[in-house]
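To start, the structure itself, in structure tokens.
The values are calculated or read from the model by the stated rules, or taken from the named source; none is laboratory data. Quick caveat: nothing in here was measured; it's all calculated off a predicted structure. No Cβ is skipped: glycine too gets one built from the backbone with ideal geometry, and neighbour counts run over all protein chains shown.
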């Protein structure tokens, strides 16, 4: 898969997580030298089981719309750590307690940490409005 297409998919997952108010959204770009099984980790937190499930649901629904389906989903019922495996990237949605305990950012410290905005495509600028209303000057009679 092209890197740009993969980055768009990860960006869509980020957008979905943020739409459900995910906290501390972090992206790890896995080191090509390490024995990692994926290219990116998207890590986010939710404050309670319902929010964790809502974040996971939104990510899955948004990616489903673009024809991308998880290879595996783990931990959904318990909602302490939900894992959505998309092969080229993995989405982890944690409770705050589980995130601190497992500390994937430390475990995969060789990975490059990216800001979510680095993966989001630049928004198209809206057409600039003209300066002021256009009025016709009337000839004075």
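Observations, loosely collected:
- Considering (1) modelled with pLDDT under 95; (2) more than 29 Å from residue 31 (Cβ to Cβ), the lone condition that residue 88 does not fulfil carries the number (2).
- Any pair with Cβ under 8 angstrom, 6 or more apart, that starts in segment 48-60 at a residue that is on the phi < 0 side of the Ramachandran plot and modelled with pLDDT of 95 or more and ends at one that is buried (at least 19 other Cβ atoms within 10 Å of the Cβ) and part of a helix (DSSP H, G or I): 55/16; 55/17; 58/16; 58/17; 59/13; 59/16; 59/17
- Of the set (1) surrounded by fewer than 18 Cβ atoms within 10 Å (Cβ to Cβ); (2) modelled with pLDDT of 80 or more; (3) in contact with a helix residue (DSSP H, G or I) (Cβ under 7 Å, 6 or more places away or on another chain); (4) within 20 Å of residue 12 (Cα to Cα), all apply to residue 120 but (2).
- Identity of the residue in segment 92-112, in a helix (DSSP H, G or I) and under 18 Å from the mean Cα position of the chain (by Cα), that ends up farthest from residue 40 (Cα to Cα): 96
- A Cβ distance below 8 Å, combined with a sequence gap of six or more or placement on separate chains, defines the contacts here; from segment 1-21, residues that are part of a helix (DSSP H, G or I) reach residues that are surrounded by fewer than 15 Cβ atoms within 10 Å (Cβ to Cβ) in the pairs 8/121; 9/66; 11/121; 12/66; 16/61.
- Candidates 88, 64, 24, filtered to the one that is within 17 Å of residue 113 (Cα to Cα) and either without any contact (Cβ under 8 Å) to a residue 12 or more places away in the chain or more than 13 Å from the chain's Cα centre (by Cα) (or both): 88
- Subset of segment 69-78 [buried (at least 17 other Cβ atoms within 10 Å of the Cβ) and over 10 Å from residue 93 (Cβ atoms)]: 70
- Residue count, segment 64-91 (criterion: over 19 Å from residue 3 (Cβ atoms) and either in a strand (DSSP E or B) or touching a strand residue (DSSP E or B) at 6+ places or on another chain (Cβ under 6 Å) (or both)): 13
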